[in-house]
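Have a look at the structure below, then the notes.
The values are calculated or read from the model by the stated rules, or taken from the named source; none is laboratory data. Model, not experiment: these values are computed from the prediction. Note that each Cβ is placed from the backbone with ideal geometry, even for glycine, and that neighbours are counted across all protein chains shown. Please note that ligands, DNA and RNA were not included when accessible areas were found on the heavy atoms of the full protein model with its side chains. Shrake-Rupley method; radii C 1.70, N 1.55, O 1.52, S 1.80 Å.
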Amino acid sequence: MIIAVTSLVLAALGLVIGGGGVWLLLLGGSWFYAVAGIFFLLTAIFLWRRSAAALRIYAVFVLLALLWAIWEVGLDWWALLPRGGIIILLGIWLSMPWITRALRTEPEHTRRSASAVPLVASVAIAIVAAVVAMFNDPHTIDGILPTDVVAQNPNLGEETKTGNWPAYGRTEFGQRYSPLDQINATNVATLKEAWRVQTGDMKGPDDVGETTYEVTPLKIDDTLYLCTPHNQAIALEATTGKERWRFDPKVGLNGNRQHQTCRGVSYYRDAAAATDAPCSQRVYLPTSDARLIALDATNGQVCRSFGTNGELHLEQGMKYDPAGYYYSTSPPLIVNNKIIIGGAVNDNYSTTEQSGVIRAFDVTTGALLWNWDSGNPDQTAPLPQGQTYTTNSPNSWSVFSADPALGLVYIPLGNKVPDQLGMGRSESVEKYASSVVALDINTGAARWVRQTVHHDLWDMDVPAQPSLIDLTAKNGTTVPALVAPTKQGDIYVLDRRNGEPILPVKEVPAPGGTIPEDHAAPTQPVSTLRFNPPPLQERDMWGLTLFDQLACRIEFHQYRYEGRYTPPSLTGTIVYPGNFGTFNWGSIAVDPTRQVMFGMPTYLAFISKLVPRAEVPPKGQVKGSEQGLNRNEGAPYAVILKPFLGPLQIPCQAPPWGYVAGADLRTGQIAYKHKNGTVYDMTPLPLPFKLGVPGIGGPIITKGGVAFLAAAVDNYFRAYDLTTGKQLWEARLPAGGQATPMTYTGSDNNQYVVLVAGGHGSIGTKAGDYVIAYRLP
């Protein structure tokens, strides 16, 4: 019975693997799977006949598979696993006495047990190779960042108390750097939880999929200010976490919103007002129903003198205003008594959506001072009554930076929607989409632009707040720099006075071949400092088993892929890195004293498939979102966007999918790159395997030489040695930590590190509503 069942299993494997292998071979793929199918079938036939030749055939197959696997991927354990796992397990099974004793050796009248020595030897060799691979990590870059203090008194942006964190990136420079060093690389391992609170704002059954906690709290004096996904503003006592006040703007629910999140609030102190005057200190709250509300920072009461009864309605001036299509997910920037704000426009819903206009208002009164519309960039004076902003112009949904001394605000700009269709874009849209733009703080006029993708067809927005840092050149001069991470993995290091590259940028040829109505840019820019991965190959396809790996290989050849910037197609195009981004809104952190950076590059391939309008299901049958069918109402094509996943719903590309990395900003040299995060919360069993997992969120750096980061899809908060990238500490979180932490000094003179853990709807981490503070014991 055992022989018969085993033979049938091997035959079935042979038919499935062999059939798929022939299909793959016809697509121009690897020969191995077709050959593997033959070996499985031969083994099954001889085993059914109870011939010892089955063992010898399988022994040869094991060695052949091992040689092929090492030729493809080297001694990389996680890449070898699907290639050899099932083969080795079956080899062990065939070596067992209940198999070998039932087989006959030649000639047939010989009744002694068949020898399993050749098979055992081949399996043993494969196991030894696997063990060696376990201790080999071909993906890691080991090195150290420079430790020299290049700038003794670095420019950190607006002066503030050392123990405060008064803006999203700590200051308007967006460095995500704190000059605190009570917690440092020598003692961070002893960090303990000091307090935790729950906000009570949880994702509900009627919420949109991407309902997320992405907030970084602010800390001024002894108060923390934060917002929740449904835009409740909350003030907490910084040392204890005790709630001081709460404001609920009652934004309600709208199924058309792509995002239900709030990355932060903005703080302003009116230097001209008496300290105890109402609204002399303010918190500005952006909402998902397109309002900007001014609150008294001391008690949460609405400041009625701002705008219309305390709020601005950001949908004003829009030609089209479908509800739920436009809102602000990021905190506005306050500089020179102006509050400057953009807005998120839903990706790929319609050709008649709101404008991506950037506007500056008087921070006290809410009066409109200027507007910069990338679709009409020369008209920056406040829009006259009766006129409207440009429909669907590129928007900025992320966080801005500013240099008041230069009089410039820096805007990370997105693409015009529909993202994957470039027909009919105006000259100004082609110039400004997917770029960093410097605007005059006082007038809104564009001073310079640095485009990071030409004629963007892949949703490669500049997604993150640029970091401003003064770099020391080789000749000792100081160059005011801007560091801009991008979704495609390039990090641009620019002179922030004029946008010219400090680290060289070059143009490289890009794939062509679009739908007839469109065109592709012949070249694309590439920065010297870049984390973009090498192009995918068939050998990079992955799975937990031989079967799902084979399925991914077949699928790889069915899509169009000619490397980065392969245009969207009707058959489907692989976009790698995908629009999830190598870097996203979490940005990077920079150390202005050592002039280095720390970040979390992530690698996930996506599929982009255009769908002719005649094939799009009737409206209402499929709900639009960032993943799945994006309807692009009014355009000739819709688009299907999805991660490139295998049959088991894990990425088709081999891990690692996520790293931590450090680089020298003066030279562009990447010092280290280490796998980050485990599959602990990705699998039915809590397995602590460190594959290097995706994440979304950002890091901070402290003067103590520590980088803090959560973000990964396992629910952990971690600290790293900034110099080496090695992990120094971790704490288990009660929910997903897809937010950027911050740090401050409490009234007890202890340094605290705070993270919000509430999960992220798009990547499926556990939902929650926690604000957690840590300090040394």
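General remarks:
- Residue match in region 541-551 (condition: surrounded by fewer than 20 Cβ atoms within 10 Å (Cβ to Cβ), part of a loop (DSSP other than H, G, I, E, B) and in contact with an Asp or Glu (Cβ under 8 Å, 6 or more places away or on another chain)): no
- Check on residue 132, under 30 Å from residue 408 (Cβ atoms), of a type in the set (Val, Ile, Thr), open to solvent by 60 Å² or more (accessible area, probe 1.4 Å) and over 30 Å from the mean Cα position of the chain (by Cα): no
- Residues of region 168-204 satisfying the condition of being closer than 21 Å to residue 229 by Cβ and not in a loop (DSSP other than H, G, I, E, B): 196, 197, 198
- Single unsatisfied condition, residue 374 versus (1) open to solvent by 10 Å² or more (accessible area, probe 1.4 Å); (2) out of contact with any strand residue (DSSP E or B) (no Cβ under 7 Å at 6 or more places or on another chain); (3) not basic (Lys, Arg): (1)
- Of the strands (runs of 3 or more DSSP E) lying entirely inside region 649-731, the ones with 3 or more residues being under 17 Å from residue 757 (Cβ atoms) are found at 716-721.
- For first residues located in region 527-551 and within 23 Å of residue 486 (Cβ to Cβ) and at pLDDT below 95, partners that are open to solvent by 20 Å² or more (accessible area, probe 1.4 Å) and in a loop (DSSP other than H, G, I, E, B) and lie 6+ apart or on another chain with Cβ distances below 7 Å form the pairs 532/564.
- Count of region 312-330 residues, restricted to those that are over 16 Å from residue 257 (Cα atoms), in contact (Cβ under 8 Å) with a residue 60 or more places away in the chain and open to solvent by less than 40 Å² (accessible area, probe 1.4 Å), is 2.
Yes/no matrix, rows are residues, columns are (1) more than 30 Å from residue 186 (Cα to Cα); (2) open to solvent by 20 Å² or more (accessible area, probe 1.4 Å):
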site: 609; (1), (2): yes, yes
site: 627; (1), (2): yes, yes
site: 636; (1), (2): yes, yes
site: 639; (1), (2): yes, no
site: 663; (1), (2): no, no
site: 682; (1), (2): yes, yes
site: 691; (1), (2): no, no
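- Given (1) more than 30 Å from residue 177 (Cβ to Cβ); (2) out of contact with any helix residue (DSSP H, G or I) (no Cβ under 9 Å at 6 or more places or on another chain), number of the condition residue 504 does not satisfy: (1)
Table: residues versus (1) at pLDDT 95 or above; (2) within 28 Å of the chain's Cα centre (by Cα).
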{"position": "259", "(1), (2)": "no, yes"}
{"position": "274", "(1), (2)": "no, no"}
{"position": "286", "(1), (2)": "yes, yes"}
{"position": "291", "(1), (2)": "yes, yes"}
{"position": "351", "(1), (2)": "no, yes"}
{"position": "362", "(1), (2)": "yes, no"}
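- Applying the criterion of at least 3 residues that are more than 19 Å from residue 121 (Cα to Cα) and out of contact with any helix residue (DSSP H, G or I) (no Cβ under 6 Å at 6 or more places or on another chain) to the helices (runs of 4 or more DSSP H) found wholly in region 6-106 leaves 32-48.
- Qualifying residue in region 33-46 (condition: among the small types (Gly, Ala, Ser) and within 35 Å of the chain's Cα centre (by Cα)): no
- Selection status of residue 263, assigned to a strand (DSSP E or B) and either in contact with a Lys or Arg (Cβ under 8 Å, 6 or more places away or on another chain) or modelled with pLDDT of 95 or more (or both): no
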